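Some notes on the structure that comes next.
Each reported figure results from applying straightforward, stated rules to the coordinates on display, with no laboratory input. All of these numbers come straight from a predicted model, not from anything done at the bench. Positions of Cβ are generated from backbone atoms using ideal geometry, with glycine treated the same way; all protein chains shown enter the neighbour counts.
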Amino acid sequence: MTEQVAIGIAGVGKIARDQHLPAIAGHSGFKLIAGASRNARIDGVQNYQNVEDMLAAEPLLQAVSLCAPPQVRFSQARAALEAGKHVMLEKPPGASVTEVTVLAALAQQNQCSLFASWHSRHAPGVEKARAWLAGKTITAVNVLWKEDVRRWHPGQDWIWQPGGLGVFDPGINALSIITRILPHAFFLKSAELFVPANRQNPIAANLDFSDALGTPIRAEFDWRFGPEELWQIEVTTRDGVLHLAQGGKFLKIDGEVQDIGAEREYPSLYDRFFELISTGSSDVDVSPLQHVADAMLLGKRHEVEKFED
Ligand code: NAP
C-alpha cells in the first residue's frame, strides 16, 4: 500500500492527545480526517459527537482508532467494523474477554483489520528481552507495578466502575509484557485484591501465577505508591537475571545495561496497524485481559480504606 490511510479517532481524552494525535501526525502512512468525541474537538479536522455520526458523514474514512474507556469499546468497534473500517483498539481491548473474540470474528466477516494494541509491548526493551529469554530455563519471575493513581488518573471515574479494571488498568501493561517475553504460557493460581470500601475495583492486587513447569511468577500492583513510579520485571534464569524497568525502557541482563534505543511506543503501534492493514491481517491477543479476568474470578477480596480523589 502506498497511499495514506484516512483515519479517525474516537474518544479524544488524555491518551488521544498525549500519544495518538502526535503519533498519527508523524506517520507517513496515516492522514487524520475526523474525530468523534462527545465534548472534545480536534483542530483542523471534522468533528462529530459519536462514532456513528462520523461513519455516516465520512465515506472516505478507512480506519478508526478507539481511545475512549473500555466500557464503550465494543459498541464503537462494532459500528466501525460493520461499516467496513479497520479498527485499532486501545488497551484493554474490551470490557470482557468474550466481546473481543466477537469483534475478531466481525473483523474477519467484514474483511477488516482489527488490532488489539498493547502499547507496553512496544517499549524498546521488550523484544530484546523476549529474544534473550527464548530457550532459557526460568526459575522465578517478579513483577512490581506501582504508581500513584492520583497522578496518572486524576478525576477519572471510569477506572473505578465495572469494566474499568482499577489497578489492573496499569497492571495489564505488565501482563502484556510478560505474556510476550516469557517462553511458556502461564496461569493464575491465586490472587489477593484490595478494594476500597467505596469502590468497585481494586486499588492494589497481588497475583501468584505458575506455568506447566511450576515456575513461580509473582506480580504486585499498587496504586498507593509514589511519587516515583516502579514499573519493573525481574526474570531469574539459570544463565543470569534479566531486569526490565521503567515500563520496558531500561534493560539490564546479568548486570549489564543493554543498548535498546529510544522509546517510540505509539509510533511503533501505528507502524504495526499500518502493516496489518497493508497485509489484510489482524492482531488480537486477549491473554493479558484473560489474566485480569482470572484474577477477578479467583481473587480473594480484602476491603481497604475508602478512596477519595
Ligand atoms: P479519558 O481521558 O478519561 O477518556 C478518553 C475520552 O473518552 C474522554 O475524554 C471522553 O471524551 C471519552 N469518553 C469517556 N467516557 C465515554 C463514554 N462513556 N462514551 C463515549 N466516550 C467516552 O481516558 P484516557 O486516560 O485517555 O484512557 C482511555 C483509554 O486509553 C483507556 O482504555 C486507557 O486504559 C488507555 N490508556 C490510557 C493511558 C493514559 O496514560 N491515560 C495510557 C495508555 C492507554 P468526550 O467526553 O469528549 O466524549
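How long are the three semi-axes of the equivalent ellipsoid for the chain, computed from the Cα gyration tensor as the root of 5 times each eigenvalue, in whole Å, largest first?
Semi-axes from the Cα gyration tensor: 32, 23, 18 Å.
Computed from the C-beta positions of L230 and E52, the FRET efficiency with R₀ = 41 Å rounds to 0.50.
Length gain on complete extension for the stretch E275 to R38, per 0.36 nm per residue less the alpha carbon to alpha carbon distance?
Full extension from E275 to R38 adds 82.3 nm.
Under a Gaussian network description of the chain, with springs only between Cα atoms under 10 Å, the residue in R218, R264, R151 that fluctuates furthest is R151. At the listed q of 0.23, 0.27 Å⁻¹, the Debye profile of the stretch 194-234, built from one uniform point per Cα, gives log10 I(q)/I(0) equal to -0.86, -0.97. Amide H to amide H distances under 5 Å link V64 with G8, H86, V87, M88, where only residues 5 or more positions off or on other chains count and H is placed in the peptide plane.
Along the chain, counting only GluC sites (Glu not before Pro) with a DSSP assignment other than H, G, I, E or B and at most 15 other Cβ atoms inside a 10 Å radius, the longest segment between sites is 4-227. Could you tally the net charge around S282, taking each other residue with its Cβ under 12 Å from the Cβ of S282, Lys/Arg +1 and Asp/Glu -1? Result for the local shell: -2. Taking Lys and Arg as +1 and Asp and Glu as -1, the other residues whose beta-carbon sits under 14 Å from that of R151 total -4.
How much length is gained if the chain between T101 and E256 is pulled fully straight, taking 0.36 nm per residue apart and subtracting their Cα-Cα distance, in nm to one decimal?
Extra length available between T101 and E256 comes to 51.7 nm.
With a simple spin-label model that places each label point 7 Å from the Cα along the Cα-to-Cβ direction, the separation between D211 and D283 comes to 2.2 nm.
Comparing H122, H153, H291 in a Gaussian network model of the chain (Cα springs below 10 Å), the most mobile by mean-square fluctuation is H153.
Dividing the summed helix terms, -39500 (n - 2.57) for each DSSP H run of n ≥ 4, by the number of residues in the chain produces a 222 nm estimate of -8500 deg cm²/dmol to the nearest 500.
As an exercise, use a Förster radius of 30 Å and the Cβ-Cβ distance of E263 and V241 to find the FRET efficiency, rounded to the nearest 0.05. The pair E263/V241 has a calculated efficiency of 0.85.
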